[in-house]
1. For region 5-14, what are the residues that are farther than 11 Å from T74 by Cβ, at pLDDT 90 or above and touching a helix residue (DSSP H, G or I) at 6+ places or on another chain (Cβ under 7 Å)?
2. Taking region 15-25 as the search range and keeping residues that are within 21 Å of P62 (Cα to Cα) and at pLDDT 95 or above, which one is nearest to the chain's Cα centre (by Cα)?
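The values are calculated or read from the model by the stated rules, or taken from the named source; none is laboratory data. Because the structure is a prediction, the values reported are computed rather than measured. Every residue, glycine among them, receives a Cβ derived from its backbone with ideal geometry; neighbour counts consider all protein chains shown.
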Amino acid sequence: MFSRTDLAQCRMRGCGMPIRWTTTERGKMLAVNADPDPGGNTAVWKDVFGVLRSRRVTKAQPLAPHEKLMRPHTSTCLRSRRRTGTDGPPR
């Protein structure tokens, strides 16, 4: 489903993690982490034109068989962690 050509690198200074750019249902660009993540909240699939699309997973619209569950990159970006001074969300 995904290919190496889908990969990009986060441009935030100090991050550089691999990401994939998707297009949301509203036409906005959303960076997601490169690998599927069972803890994510975003469904990602490739449309018939080869464009990565994304949407939020909800109870009303659960993950479909052709979609992969991914985590938005903003939740794991190394640069944003440094900026806030935390190692992630509170537990």
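1. Within region 5-14, none qualify.
2. Out of the qualifying residues, it is T22.
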